[in-house]
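This report refers to the structure that appears directly beneath it.
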Amino acid sequence: MIVRTGAQIDAAEAPVAPVVADAIVVPPVVLPYGFARKFGVVLDGERVALREGSDPRALIEVRRVVGHAFDIAVVAPAEFDRLLSDRYAMDGQATAAAAVGMGDELDLLAEGLPTAEDLLDTADDAPAIRLINGVIADAARNGVSDIHIEPYETGLVVRMRIDGVLRETLRMPPHVAPVVVSRIKVMARLDIAERRVPQDGRMGLTLGGKLLDVRVSTLPSRAGERVVLRILDKENAGIDLDALGMAPPMYALLREAIAEPNGIVLVTGPTGSGKTTTLYAALRLLNDGTRNILTVEDPVEYAVEGVGQTQVNAKVGLTFAAGLRAILRQDPDTVMIGEIRDRETAEIAVQASLTGHLVLSTVHTNDAVGAITRMRDMKVEPFLIASTLRAVIAQRLVRRLCPACRRPVAAADTVAPLLGVDPRATVYEAVGCDQCNRTGFKGRIGVYEAVRVDATVRRLINEGGDEDAIARHAFATGETLATAARRLVESGVTTAEEAVRVSRSEGAEAVPEATGDA
């Protein structure tokens, strides 16, 4: 008997009790995902989690299916979503094995999809869809930032970037490549008939109630089309500035810089170093309802309530410069530019700061002082740089050691002396355990350096001072990337190898000093 609640449980969604056959091992009871999500119940070991506000009469049907008594735990919606994702998100390997060799039909790839498809609700989907959804769901659960789908003559390889490092997670026969790529292009609303030119798109997905924004990029290659999926977790848009792992002096410097009524604050670093996350954290602090905050980005990575966001569209002439000109007529207090790439954008940003706006942006340089040289290269007058620039922050990301399995070693047995660490000191190295998926690392932390533009730095910029002169003054009391990385090594947060990777050029200069200490 199916219990009817106020929400009306449909017979098609109701769980089916398992049938016990002779000499057959009965599989564990699994409630259908649609039923669990709709009525807010999920089996969690020996208990049943009930979402706050859900109708408890649904537990009668769960009791009928399970066949025995169970404990009930009422959980908050956020905790319920996490349990739902953990219980139902498919493992990428298992999903691929189920999808390969099942006679995929290309016409199945043209099925219409809703705007935001739930990755976990895949009971009736085609094998290709189940494969893709399983891979993305598995990636989202494990904190993957990018999924690389690469066709070769010998097979289709799926690699995932976890904590900044690519790892191969799946290998399939080569004949599935066109099916998988075409299905992804349909989901991202790209032209599936065009295989000769690169394409870019995006798709909105949910994972057990958790919103994901997936950017899709295709590129023709020798054996087919390569696809890279970048997973943007919309929850990251709500990260606070004090959660970035900055040292107190760095945190205070950034807070002071963005509190300025006007001027330019730049964040620099290579692709994937967390620049956008830092800018969004700063915007979140400024977004108190008293300011008009506008952005122009390529693309808009996270939707932020209370912030006007514009996406660059070169096809219709909406470049960074054109978008910046337009938003300056919208009476903004704070402006964020995704990236200063050319002279025109740099000059408009300078003019915006001179007319009373606070401008936040990114520049691709190796260190903080290099951003000043980069602005000069874009033909911005030195006196304009000196009068508008408030601070430049350079950052990198290093992998954080797993606290459960890290192992102490002598610094002399690692590359720690390259950072100026005393060879007699104790540092830590990665080992690997179940908690970190045998990698030895769990998450990442930022490494920062900053140049605060004071009267001395302004004078040096006006006089055409070189990078060394500016750096000597700026870092007389502050940390460089190398010293910040060394601090993390000495405190056991990361390994010496990780620190050297992000500050190799400066670390090399520390070799004679380290050798002398030995």
What accessible area per residue comes out for the range 33-89, rounded to a whole number of Å², with a 1.4 Å probe?
48
Residue (of 35, 83, 69) at the positive-pole extreme of the range 33-89, dipole from beta-carbon charges:
35
With a ≥ b ≥ c the root eigenvalues of the C-alpha gyration tensor of the range 252-332, is it rounded (a/c under 1.5), prolate (a/b larger than b/c) or oblate?
oblate
Which net charge results when you count Lys and Arg as +1 and Asp and Glu as -1 among the other residues whose beta-carbon is under 14 Å from that of residue 73?
-1
Can you tell me, using C-alpha contacts under 8 Å and at least 6 residues apart, the relative contact order of the range 263-419 as a whole percent?
33
So how far, in whole Å, is the C-alpha centre of the range 378-443 from the one of the range 135-166?
24
Select from the range 401-493 those trypsin sites (Lys or Arg not before Pro) which occupy a DSSP coil region and have at most 13 other Cβ atoms within 10 Å, ordered by residue number.
424, 438
With residue 400 itself left out, Lys, Arg at +1 and Asp, Glu at -1 over residues whose Cβ is under 11 Å from its Cβ give +2
Extension gain residue 377-residue 314, at 0.36 nm per residue separation less the Cα-Cα distance, in nm?
20.3 nm
What is the distance, in nm, between label points placed 7 Å from the Cα along the Cα-to-Cβ direction at residue 413 and at residue 325?
6.3
In units of 2.2 N^0.38 Å, what is the alpha-carbon radius of gyration of the range 237-504?
1.07
Take the Cα gyration tensor of the range 33-89, multiply each eigenvalue by 5, square-root it, and list the three semi-axes largest first, rounded to whole angstrom.
16, 12, 11
Dipole axis of the range 168-319 (+1 Lys, Arg; -1 Asp, Glu on Cβ), positive-most option in 282, 228, 300
228
Contact order relative to length of the range 203-315, as percent, for alpha carbon pairs under 8 angstrom and 6 or more apart:
20
Roll a 1.4 Å probe over the protein chains and send me the accessible area per residue for the range 237-504 in Å².
43
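Exactly which trypsin sites (Lys or Arg not before Pro) in the range 137-234 are in a DSSP loop and have at most 14 other Cβ atoms within 10 Å?
In loop regions of the range 137-234 (DSSP not H, G, I, E or B), the sparsely surrounded trypsin sites (Lys or Arg not before Pro) are 189, 196, 222.
Assign unit charges at the C-beta atoms only (+1 for Lys and Arg, -1 for Asp and Glu), then state the dipole size of the range 350-446 relative to its Cα centre in Debye, rounded to the nearest 20. If you can, show how the numbers build up before the last one.
Working: 13 positive and 7 negative charges, 53 e Å.
In total the dipole reaches around 260 debye.
The values are calculated or read from the model by the stated rules, or taken from the named source; none is laboratory data. What you see is a predicted model; the values in this text were computed from it and never measured. Cβ sites come from the backbone with ideal geometry, for glycine too, and all protein chains shown count toward neighbours. Protein only, heavy atoms only, side chains kept; ligands, DNA and RNA dropped before computing areas. Shrake-Rupley method; radii C 1.70, N 1.55, O 1.52, S 1.80 Å.
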